Amino acid sequence: MRRLRRRELLAYLIGAGVAGTILVVPFVLRDAALRFFLPGRTVPMVPFFLLPVLWGFWNLLWARRQPRMDIGTWGAMLGLAASLIVNLYLRSRNAWFAGAALLVAFLPVVYYLVWHLVVGPLNEGLGVEGERTRAMEASRS
């Protein structure tokens with residue numbers, strides 16, 4: 001079993017912390033969708049409370065893999081996956097509505113911005129990002 005390094009644990013905490021900080025946003029948007037798009041209709045609760053766990057693991061995976069792409073694009077991939085999962089969840093509960101399809105276009109853009117402007121700089125400032133790259137360059141010299 002691979003040992004979790006301090007840098008990877010810090011990456012998890014950064015991702016989970018950012019998601020936990022902005023967790024109020026999905027709940028507010030859900031309330032707005034119920035009021036304006038689906039008045040009087042019962043809609044199952046999407047498990048938004050899992051977002052910090054998901055973001056933490058996604059950032060840990062970023063730190064572990066150091067893929068050759070912008071961290072914003074990495075975050076947008078998570079946003080796309082999350083939007084598709086929410087739409088499938090709503091469809092499976094017979095609670096899907098046309099406005100939910102907007103998530104597929106909207107969420108990846110929001111995730112890109114948050115990951116590019118918040119998570120990436122926190123990773124860099126706290127020493128999560130770039131450690132593996134520097135080590136690989138040093139070994140080549």
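What net charge is computed for the residues neighbouring Trp115, neighbours being all others with C-beta under 13 Å from the C-beta of Trp115, Lys and Arg scored +1, Asp and Glu -1?
Details: positive: none; negative: Asp70, Glu124, Glu129.
That sum, taken over residues with Cβ under 13 Å, equals -3.
Any idea what the alpha-carbon Rg over 2.2 N^0.38 Å comes to for segment 73-127?
1.36
Could you work out the helix-only [θ] at 222 nm for the chain, with each DSSP H run of four or more residues adding -39,500 (n - 2.57) and the total divided by the number of residues, to the nearest 500 deg cm²/dmol? Could the numbers behind the result be given before it?
Values: 7 runs with 95 residues, N = 141.
Using -39500 (n - 2.57) per qualifying helix, the result is -21500 deg cm²/dmol.
Using 0.36 nm per residue, how much length does the chain from Ala81 to Leu113 gain when fully extended, once their Cα-Cα distance is taken away?
Extending this stretch completely gives an extra 9.9 nm.
Helix 71-92 versus the longest principal axis of the chain: what is the Cα-based angle in degrees, 0 to 90, to the nearest 10?
Rounded to the nearest ten degrees, it is 30.
Calculate, axis by axis, the spread of Cα positions in the chain along the three principal axes, and write the results as whole Å, longest axis first.
65, 27, 24
Read the figures in this text as sums done on the coordinates, not as results from a lab. All values reported here derive from a predicted model rather than from experimental measurement. When we count neighbours, we look across all protein chains shown, and the Cβ atoms used for this are built from the backbone with ideal geometry, even at glycine.
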